[in-house]
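Below you'll find the structure, written out as structure tokens, and then a few comments.
The values are calculated or read from the model by the stated rules, or taken from the named source; none is laboratory data. All values derive from a computational prediction rather than experimental measurement. Cβ placement follows ideal geometry from the backbone for every residue including glycine, while neighbour counts extend to all protein chains displayed. Please note that ligands, DNA and RNA were not included when accessible areas were found on the heavy atoms of the full protein model with its side chains. Shrake-Rupley method; radii C 1.70, N 1.55, O 1.52, S 1.80 Å.
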Amino acid sequence: MTAAPRITFAEVKAVLLDRLDGLVRELFSDGAYDSRRQKYWLATNPSRADGNPGSFWIYMSGPKQGGFCDAASGQKGDVFGLIQLARGGSVVQAKEWATWWTGLDPNSSPAEREGRAIAADQRKRQAIAEAAAQLERDRRTAHAIWLHGIPLALKGGVRNPAAALAFAYFEKRGIDLDKLPRLPGVTRLLLDQRHVESGQTFAALGSCIISADHKFMALHRVFITDQAEKIDLWTTVNTPDGPKQKQLPVRKSWPDYLGGFIPVWDGGTNMSARKQAATGELTPAIACEGIEDGFAAAIGNQDHRVRAACSLGNLHNMPLFACDDRLIVWRDNDWGKPQAERQLQAACKELAERGRDTGTEVFLASSYLGKDANDLMKGK
């Protein structure tokens, strides 16, 4: 008797993605769709002590459909890894369970199996094309929002009085932008910005996130109040231990900015890193996480280029340039979580490995006072 053809991973995956909504509802029942476009399923990560949904998400559409990401631990994987997270075991055991869950029959006709494969490939190609088109539309929208913002400087480099709220915010953070030879152009004051999670409208500091080829990628926003303070909003979430208060995000970057960075300061070169790389001249560089740390580092190190990664998870994706003779990674002092420390060390190791190709040495530094570069600037 001829044995039934083995059901492949690709066949199982195609059916899993077709039924992804039911799969995540069963395996990650504490989760829910994101409030915007239902692109993500936000849940807790069962492989670690994760108290609140939010830092772990599952991609429900697009080219990463069925995959997951954990911003806190750096974990990533596909739909089979997702099953492993929920049920444990090996990837082979995940496939065996998924074959049972989907009800796939190895005795299906060759035509039926081939049809499933063709349909899955078509869906994947369509999802990739649609995601790319949507990303381009989102980037144009984000760029337009920034372009309509209020510049910090008028012609001639003097302070723009219309951006007084932005200056007040920075000054409360101990950052005097007038200490720089010129006011930065990367950040603008944005008015009437909708904060999605709360449904409220605030002002925001908007900064450009650009790619290695210096094209606009995304908009980074820090939401602030009319009193030049960060917003302080909370919501109630249900946990196994009962309802708990969770702070809503103050900073938001949109759309995808993987591998991008905010060019906070050019080291006094008056040119981009890409242009300087062509000249053969070298300038030291500093990489930090947030825009406030970036401006604090720029004021104290005006002969250094300063770049902000926007998130710890994006740090290892940041580009290095041939004009970087060294890169100083400015870390925070308040991680308090072993997985974040491991993520930081892994990012520095990856940057150092890539630095060998550009001749860039990578160093790790931290503030001797307070939490970060901004606290050092404030003297706390």
*In the chain, what percent of the accessible surface is made up of carbon and sulfur (1.4 Å probe, ligands and nucleic acids excluded)?*
52
_Relative contact order (%) - criterion: Cα under 8 Å, at least six apart; region: region 285-324_ = 43
*Over region 1-83, give the accessible area per residue in Å² for a 1.4 Å probe, as an integer.*
49
*So what is the accessible area of region 145-201 per residue, in Å², with the probe set to 1.4 Å?*
53
*Residue farthest toward the positive end of the dipole of the chain, with Cβ of Lys/Arg at +1 and Asp/Glu at -1: which of F216, W234, A298?*
F216
*222 nm mean residue ellipticity, helices alone, for the chain (DSSP H n ≥ 4; -39,500 (n - 2.57); rounded to 500)*: -11000 deg cm²/dmol
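Taking the Cβ of T99 as the centre, find all other residues whose Cβ is under 15 Å away and add up their charges (Lys, Arg: +1; Asp, Glu: -1).
Working: positive: R6, K13, R19, R87, K95, R113, R116; negative: E11, D18, E96, D105.
Once all neighbours under 15 Å are counted, the net charge is +3.
Ordering H220, H214 from largest to smallest accessible area (1.4 angstrom probe), what's the sequence? Write out the running numbers ahead of the final one.
Working: H220 5, H214 55 Å².
Ranked list, largest accessible area first: H214, H220.
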*So what is the relative contact order for region 49-175, in percent, with contacts set as C-alpha pairs under 8 Å and at least six apart?*
14
_D178 accessible area, 1.4 Å probe, all protein chains in place, Å² to nearest 10_ = 90
*Remind me, relative contact order of the chain in percent, using alpha carbon pairs under 8 angstrom and six or more residues apart?*
11
*Identify which of A166, A277, A119 has the largest mean-square fluctuation in a Gaussian network model of the chain, with springs joining Cα atoms closer than 10 Å.*
A119
*Where in the chain are the DSSP H helices whose C-alpha atoms run 27 Å or more along the long axis and whose mean Kyte hydropathy is at least -1.0?*
110-147
_Just to be sure I understand: with springs between alpha-carbon atoms less than 10 Å apart, which residue in R137, R188, R173 has the highest mean-square fluctuation in the Gaussian network model of the chain?_
R137
*Just how much of E197 is accessible, in Å², when a 1.4 Å probe is used and the result is rounded to the nearest 10?*
80
_Which of P319, F170, T201, positive extreme of dipole for the chain (C-beta unit charges)_ = T201
*Shape of region 174-256 from its Cα gyration tensor (a ≥ b ≥ c, root eigenvalues): rounded if a/c is under 1.5, otherwise prolate when a/b > b/c, or oblate?*
prolate
*Please give the per residue accessible area of region 263-333, computed with a probe of 1.4 Å over protein heavy atoms only, in Å².*
32
*When the chain is treated as a GNM, springs tying every alpha-carbon pair under 10 Å, which of N314, N160, N52 comes out with the largest mean-square fluctuation?*
N160
